[in-house]
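What follows is a short report on a single structure.
The values are calculated or read from the model by the stated rules, or taken from the named source; none is laboratory data. Note that the structure is a prediction, hence the values are computed from the model and not measured. Positions of Cβ are generated from backbone atoms using ideal geometry, with glycine treated the same way; all protein chains shown enter the neighbour counts. Protein only, heavy atoms only, side chains kept; ligands, DNA and RNA dropped before computing areas. Shrake-Rupley method; radii C 1.70, N 1.55, O 1.52, S 1.80 Å.
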Amino acid sequence: MSFNSLGLSDALLKAISKKGYTSPSPIQQKAIPPILEGKDVLASAQTGTGKTAAFTLPILQLLSQGKHLSQRPVRALILTPTRELAAQIFVNIKEYSTYLDLSSTVIFGGVNQKPQVAQLRQGIDVLVATPGRLIDLQNQGLISLAKVEILVLDEADRMLDMGFVRDIERIIKVLPAKRQNLMFSATFSKDIKKLAMGILHHPVHVEATPENTTVDAITQIIYPVAKEKKTELIIKLITEGNWKQILVFTRTKQGANKLTESMISAGIKAAAIHGNKGQGARTKALAGFKDGSLTALVATDIAARGLDIPLLPHVVNFELPNIPEDYVHRIGRTGRAGANGEAISLFSPDETVFLRDIEKLVGLNLPKENIKGFEPDPNASKEPIKQGQGRQQRDSTPRKPKTDTTNRSSNNSFGPRRPSQNNDRRSNR
Ligand code: AMP
């Protein structure tokens, strides 16, 4: 299928071609037509599938066809859980709207509000926002949402996880009742379905992949390792493998800082990215990672959401996530946009419960490989880490454990894939 056949305008096709996209991804093929028809859409898709273009392209088309109001009030509102994701969506919108007479901006917390307010005053057609800053500006009377025609909730599951449900409700109250609603989520728990039912009207359901699969283009491997040897092992993997760009996940901010310091001491150019870092430090770390001046970016789950790092070859779970869905989100950072990637997990005996939950969710018995000299003591305790080391110190508001195993994660299929051990899910059970 070509972008032409989706009914997008010449101005958008030109911008798409400038980006180098040759054909629409599955989620784009499925979501763009109903959005262009003005329908509400509930989409199952995670970062890496091309979901941003799946909603921004048709929105830009609808807005450019609509009547321009003289004051340029906000006509499309895109809510996202994190600053990084908001910033990335905004960058995409700027690119896709190059040949359109539409203005857009992004607002999020952690930075001075003045430039954002100045932008808003000039009149904005498309606003990308995180809920907190949006409510803040709304309360100060600095923004009106009375003319919003299209609302997008992106990464809705993560917004609920981060405790934004009240904020979303407050925002929806000030929007016009008649509007088009689009909701994107990687997973579908009972809470997400409830939220969707309250917001969407007769939505068209679209999804990129079957249930609970992890991305086929990703090779997944588990290295069982003694807990106290994890740092030594990751440094060995990076230096001996001569890895150039590696995203590393830890469960906690403290863990991210500690590991980063050890890496730097071992001569690896590394930076940590988490909720305690200011926006400037986060942006700088991400830029350094993208331009190759940093080898390793050590991140917590929340900080890493929405990071768009094309062609990331390696993702390492330094610690397994205690929320199994986070595993799917994490490894979705590699093997993106048709590229292949490797997701490595350093697994210590105290994480046995986490690994069991992950394997249950993804429906795979993940391959395990011992590395000589790093094997864990077979008698080591399999008891999970104590409270305070895990969920309580996460990089966000504590979340409820999810019990709904109907969660979906989406696939990443822009192009051909090489065979991987996950292509036949049953063979790994
Ligand atoms: P997203 O899932 O929106 O975060 O997009 C993931 C990556 O895929 C981004 O780098 C996009 O620029 C890229 N992308 C989006 N749509 C396409 C497409 N149709 N073909 C190739 N790459 C794409």
With θ set to phi - 60°, apply the Karplus curve 6.51 cos²θ - 1.76 cosθ + 1.60 along region 285-295 and write out the HN-Hα couplings as whole Hz, x wherever there is a Gly or Pro.
4, 5, 4, x, 5, 5, 8, x, 6, 10, 8
Once you place label points 7 Å from the Cα toward the Cβ at residue 2 and residue 194, how far apart are they in nm?
4.8 nm
Where the convex hull is taken over the Cα atoms of region 218-362, what is its projected area averaged over directions, in nm²?
7.9 nm²
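What does the charge count near residue 151 come to, summing +1 for each Lys or Arg and -1 for each Asp or Glu among other residues with Cβ under 10 Å from its Cβ? The partial results should precede the final answer.
On the way: positive: 179; negative: 40, 149.
Value of the local net charge: -1.
Would you mind calculating the gained length between residue 368 and residue 169 on full extension (0.36 nm times residue separation, minus the Cα-Cα distance), in nm to one decimal?
Gain in length upon complete extension: 67.2 nm.
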Accessible area of residue 14 in the full protein assembly, 1.4 Å probe (Å², nearest 10):
110 Å²
May I ask you to compute the full-extension gain from residue 23 to residue 118, defined as 0.36 nm times their residue separation minus their alpha-carbon distance, rounded to one decimal in nm?
30.4 nm
Can you give me the long-range amide H partners of residue 248? Hydrogens built in the peptide plane at 1.01 Å from N, cutoff under 5 Å, separation of 5 or more residues or another chain.
297, 298, 299, 316
Rg (one decimal) and Dmax (whole number) from the Cα set of region 1-101, in Å, equal 13.2, 39
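Viscosity 1.002 mPa s, temperature 20 °C: what is the translational diffusion coefficient of region 55-128 from Stokes-Einstein with a Kirkwood Rh over Cα pairs, rounded to a whole number of µm²/s? Show your work: numbers first, answer last.
On the way: Rh = 12.6 Å.
It comes out at roughly 170 µm²/s.
How much length would be gained if the chain were fully extended between residue 264 and residue 202, taking 0.36 nm per residue of separation minus their Cα-Cα distance, in nm to one decimal?
On the way: separation 62, 0.36 × 62 = 22.32 nm, distance 5.28 nm.
That pair, residue 264 and residue 202, stretches by 17.0 nm at full extension.
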Mind checking which lysines have their Cα closer than 19 Å to the Cα of residue 360? Skip sequence neighbours fewer than 8 apart in that chain.
190, 368, 382, 400, 402
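Ranked highest first by the average count of other Cβ atoms within 10 Å around their residues, in what order do 57-66, 240-249, 195-204 fall?
Values: 57-66: 20.4, 240-249: 17.6, 195-204: 15.3.
Averaged packing, sorted descending, gives the order 57-66, 240-249, 195-204.
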Note down the net charge around residue 382, summing +1 for each Lys or Arg and -1 for each Asp or Glu among other residues with Cβ under 12 Å from its Cβ.
-2
Given points 7 Å out from each Cα along the Cα-Cβ axis, report the residue 293 to residue 9 separation in nanometres with one decimal.
3.9 nm
